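*Asks:* The following block contains the structure, expressed as structure tokens.
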Amino acid sequence: MTVRVGIVTHDQRLDAAHDARVARDRLVDAGAQAFWVDEEPDQLACADLLLVVGGDGTILRAAELARPFETPILGINFGHVGFLAEEDPSEFAQVVRAIVRKEWTVDTRLTIDVTVLYPDGHTASDWALNEASVEKGPNARMIEANIGVDGLGLSSFKADAVVLSTPTGSTAYSFSAGGPIVWPDVQALLLTPIAAHALFARPLVVSKDSTLEVRLRSDNAVVWFDGRRTLEAPEGSFITAVKGEHPVRLARLNDSPFSGRLVRKFHLPVDGWRQPKDPA
């Protein structure tokens, strides 16, 4: 059966747009059906794969499109780190061949669902693949928050932000704030305070079945979802985060372990571990 491929590209990167056009032409020449998702969004419902040509930001945009249909996402990195991407532009020919032959596997990535309960009793919700960050509002110096897990309070502090993330997001904002790196197949949720004024303000890793809680004691905040969408959270709001109802699926072309991705993306100095010792 002919493979159907939707394509999403970074709309402000000329090199990415050029290579996306080349990829589309090669896919069509090889017998695949390829289309631009921005021009034909309805076709995504029956696509086998969503090819993303850009950085992690473009992949996060593609995740918003693909998640309702559970369409696997395959990223070609034109960004900086490109942690969510599978290949670099130099591997385009190999990528096209693998797509046409349907030679990919799928990683199912946990997402996070967040609900804001407002002081007047109404609620608003959104989701994230990487993280939801509760950040100080534009006129606030800090936020003052109580944090808890599963209905029990753990700590109170003032901070610049509180990051609620998935294992996928452990190498994003949470990582920059000193949070732990969590392997993506670990089913867990993370809470990482940012610049907290407290003795107990350590990153937390909890079960996927737990509920992370943030109650805003003073000042207004904004909840950012993957750095792309926001919900207002005024003083007195109660924010909860749970495992997402719908995951995101990432396509993989090789079975290299996550540790290898860490070394490659962050240029980790591992030679000392692998070099044989000099003979005595």
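*Asks:* For GLY137, what is the net charge nearby, where nearby means another residue's Cβ is under 9 Å from its Cβ and Lys, Arg count +1, Asp, Glu -1?
*Replies:* Working: positive: LYS136; negative: GLU135, ASP219, GLU232.
Here the charged neighbours net out to -2.
*Asks:* Right, here's the next one. First select every other residue whose beta carbon is under 11 angstrom from the beta carbon of PHE83; then total the charges, Lys and Arg +1, Asp and Glu -1. Could the numbers behind the result be given before it?
*Replies:* On the way: positive: ARG261, ARG264, LYS265; negative: ASP56, GLU86.
Once all neighbours under 11 Å are counted, the net charge is +1.
*Asks:* Then there's this: Within the set of other residues whose C-beta is less than 13 Å from the C-beta of LEU110, count the net charge using Lys and Arg as +1 and Asp and Glu as -1.
*Replies:* Details: positive: ARG67, ARG109, LYS208, LYS243, ARG249; negative: ASP107, ASP113, GLU131, ASP185, ASP209, GLU245.
Residues near LEU110 contribute -1 overall.
*Asks:* From the phi of every residue in region 64-74, what ³J(HN,Hα) in whole Hz does the Karplus formula 6.51 cos²θ - 1.76 cosθ + 1.60 yield, where θ is phi - 60° and glycine or proline is x?
*Replies:* For region 64-74, the Karplus-derived couplings read 4, 6, 7, 4, x, 9, 6, 6, x, 10, 10 Hz, x marking Gly and Pro.
*Asks:* Now for a different question. List, in order, the whole-Hz ³J(HN,Hα) value for each residue of region 202-217 obtained from phi through the Karplus relation with A = 6.51, B = -1.76, C = 1.60 and θ = phi - 60°; use x for Gly and Pro.
*Replies:* 8, x, 10, 10, 10, 4, 4, 8, 7, 10, 8, 9, 9, 10, 7, 7
*Asks:* May I ask you to compute the full-extension gain from GLN12 to PHE69, defined as 0.36 nm times their residue separation minus their alpha-carbon distance, rounded to one decimal in nm? Can you show the working numbers first?
*Replies:* Values: separation 57, 0.36 × 57 = 20.52 nm, distance 2.63 nm.
Taking 0.36 nm per residue and subtracting the Cα distance, the gain is 17.9 nm.
*Asks:* How large is the helix-only mean residue ellipticity at 222 nm for the chain, computed as the sum of -39500 (n - 2.57) over DSSP H runs with n ≥ 4, divided by its residue count, in deg cm²/dmol to the nearest 500?
*Replies:* On the way: 6 runs with 53 residues, N = 280.
Mean residue ellipticity, 222 nm, calculated: -5500 deg cm²/dmol.
*Asks:* Still on this structure: Could you order peptides 98-104, 195-201, 161-167 by the average number of other Cβ atoms within 10 Å of their residues, highest first?
*Replies:* Numbers: 98-104: 15.7, 195-201: 14.1, 161-167: 26.7.
Sorting 98-104, 195-201, 161-167 by mean packing, highest first, produces 161-167, 98-104, 195-201.
Rule-based calculations on the coordinates, nothing more; no lab input. These figures come from a predicted structure and were not determined experimentally. Cβ atoms come from the backbone with ideal geometry, glycine included; neighbour counts cover every protein chain shown.
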